[in-house]
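Reviewing the structure listed below.
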Amino acid sequence: MSRIAYVNGRYVPQREASVNVEDRGYQFADAVYEVVHVFNGSYVDEEPHLDRLERSLRELRIPMPMARIALRKVLREVVRRNRIREGLVYMQVSRGVARRDHAFPNEPIAPAIVITAKRIAPYQEDIGKWSGEAITQPDIRWGRCDIKTVGLLPNCLARQAAKEKGAIEAVLVDENGMVTEGAATNFWIVDAEGRLRTRHLDDHILAGVTRKALMALLKDENIVFEERAFSLEEARHAREAFITSATSFVKPILKLDGKPVGDGKAGPVVRRLHALFTRHVKGARNAA
Ligand code: PDD
């Protein structure tokens, strides 16, 4: 069965789906996106993803392609037509199609929207199998990483470098030796003193939906954490490390640049947070 994509108002077989060659997303990466996890037929954190989509669009002065209520309907239709219970839904909105010119078109143009969905293997609750290694890479991205744009070439290069080393993520390090985030995840540590930390939010990292959802769970459980940047050196001496994202949820990182983090096993903190987040995922009630 061919996958079905939603493209500017139509549901089409994905292999026939296409966008205009002068789409500004294609020409300039003038587009934003979201990835939402579907677990057992329900969306995980759908509303915060839609909030962030709206924010990214606002920051770039691209109008919403449709009202949120309509967007929710289309998301459900894409999931239904692709018969997905475990999967990832991808939505992308570009500024639209215009004769190539760096500045925005003078006349307002309609934003272009594409939504696709793919099946993934069911979430692996066994933390041993849900772990991986990371490498470090210089953070060579632009100054507005808080906007979830499709301009992901530095992220792709970093992920490729990780893949070539058998790692699942590249942890990005800025010119001051401070860790920003993963190529497609937020990065957390339990530092040498036992403090649970992740970098504070600003223009240099994405405000992860999973990061925020985990923080709400931490508050509920009275688990102390700090939003404070840490250096690569501190990460190298961490007791534990893990990544968060819509695709990874809470995923232990057992080695950094080939060297074990702590004792090289998923530690007590990440085990607890993984279990907490698994409960959150299983409690997702927004039917897809
Ligand atoms: N990536 N940081 C970056 C650079 C990301 O690309 C992502 C998500 C995150 C985590 O955000 P969230 O928890 O909202 O998924 C952090 C998605 C999954 C992707 O590009 O596929």
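Given the peptides 30-43, 261-274, arrange them by the average over their residues of other C-beta atoms within 10 Å, most packed first. It would help to have the intermediate numbers written out before the result.
On the way: 30-43: 21.1, 261-274: 18.0.
Per-residue Cβ counts within 10 Å, averaged per peptide and sorted highest first, yield 30-43, 261-274.
One quarter of the convex hull surface built on the alpha carbon atoms of segment 159-213 amounts to 4.8 nm², the projected area averaged over directions. Here the relative contact order of segment 149-262, from alpha carbon pairs under 8 Å that lie six or more residues apart, stands at 24 percent.
Leaving out ligands and nucleic acids, and using a 1.4 Å probe, what accessible area per residue does the chain come to in Å²?
On the way: 14270 Å² over 288 residues.
Per-residue accessible area for the chain comes out at 50 Å².
Students often get this wrong, so check it: of Lys118/Lys259; Lys165/Lys212; Lys163/Lys251; Lys118/Lys148; Lys165/Lys219; Lys118/Lys265, which have C-alpha atoms separated by over 26 Å?
Working: Lys118/Lys259 34 Å; Lys165/Lys212 30 Å; Lys163/Lys251 16 Å; Lys118/Lys148 20 Å; Lys165/Lys219 36 Å; Lys118/Lys265 31 Å.
From Lys118/Lys259; Lys165/Lys212; Lys163/Lys251; Lys118/Lys148; Lys165/Lys219; Lys118/Lys265, over 26 Å: Lys118/Lys259; Lys165/Lys212; Lys165/Lys219; Lys118/Lys265.
Work out, in µm²/s and without decimals, the Stokes-Einstein translational diffusion coefficient of segment 188-267 at 20 °C, 1.002 mPa s, Rh from Kirkwood over C-alpha pairs. Write out the running numbers ahead of the final one.
Numbers: Rh = 13.0 Å.
The estimated diffusion coefficient comes to 164 µm²/s.
In order along segment 62-74, phi translates into HN-Hα couplings of 9, x, 4, x, 7, 5, 4, 5, 5, 4, 4, 5, 5 Hz, rounded to whole numbers, per the Karplus curve 6.51 cos²θ - 1.76 cosθ + 1.60 with θ = phi - 60° and x for Gly and Pro. DSSP assigns beta bridges within the chain; of those with both partners inside it, close to 80 percent run antiparallel. Starting from one equal scatterer on each C-alpha and no solvent at all, send me the Debye-based log10 I(q)/I(0) for the chain at q = 0.09, 0.12, 0.13 Å⁻¹, two decimals. Here the Debye-derived log intensity ratios amount to -0.45, -0.79, -0.93.
Per residue, the average separation of C-alpha pairs within less than 8 Å and at least 6 apart gives the chain a relative contact order of 20 percent.
Please list, by residue number, every one of the chymotrypsin sites (Phe, Trp or Tyr not before Pro) in segment 130-221 that is coil in DSSP and has at most 13 other beta-carbon atoms within 10 Å.
Details: sites: Trp130, Trp142, Phe187, Trp188; in loops: Trp130, Trp142.
Qualifying residues, ordered by number: Trp142.
Between Lys212 and Val150, the C-beta separation translates, for a Förster distance of 25 Å, into a calculated FRET efficiency of about 0.70. Working ranking of peptides 96-104, 77-85 by packing, defined as the average number of other Cβ atoms within 10 Å per residue, highest first, is 77-85, 96-104.
Tell me, what are the semi-axes, in whole angstrom and largest first, of the equivalent ellipsoid of segment 127-282 as set by the roots of 5 times the Cα gyration tensor eigenvalues? Mind showing how you got there, number by number?
Details: eigenvalues 93, 62, 46 Å².
After diagonalising the Cα gyration tensor, the semi-axes are 22, 18, 15 Å.
Ligands, DNA and RNA left out, the 1.4 Å accessible surface of the chain is 51% carbon and sulfur atoms. Note on segment 4-119: Rg/Rh from C-alpha atoms, Kirkwood Rh, equals 0.97. Taking every DSSP helix (H) stretch of at least 4 residues in the chain, weighting each as -39,500 (n - 2.57) and dividing the sum by the residue count yields a mean residue ellipticity at 222 nm of -8000 deg cm²/dmol.
The values are calculated or read from the model by the stated rules, or taken from the named source; none is laboratory data. Remember, it's a predicted structure, so these values are computed and weren't measured experimentally. Quick reminder, even Gly has a Cβ in these numbers, built from the backbone with ideal geometry, and neighbours come from all protein chains shown. All accessible areas refer to the heavy atoms of the entire protein, side chains included, with ligands and DNA or RNA removed. Shrake-Rupley method; radii C 1.70, N 1.55, O 1.52, S 1.80 Å.
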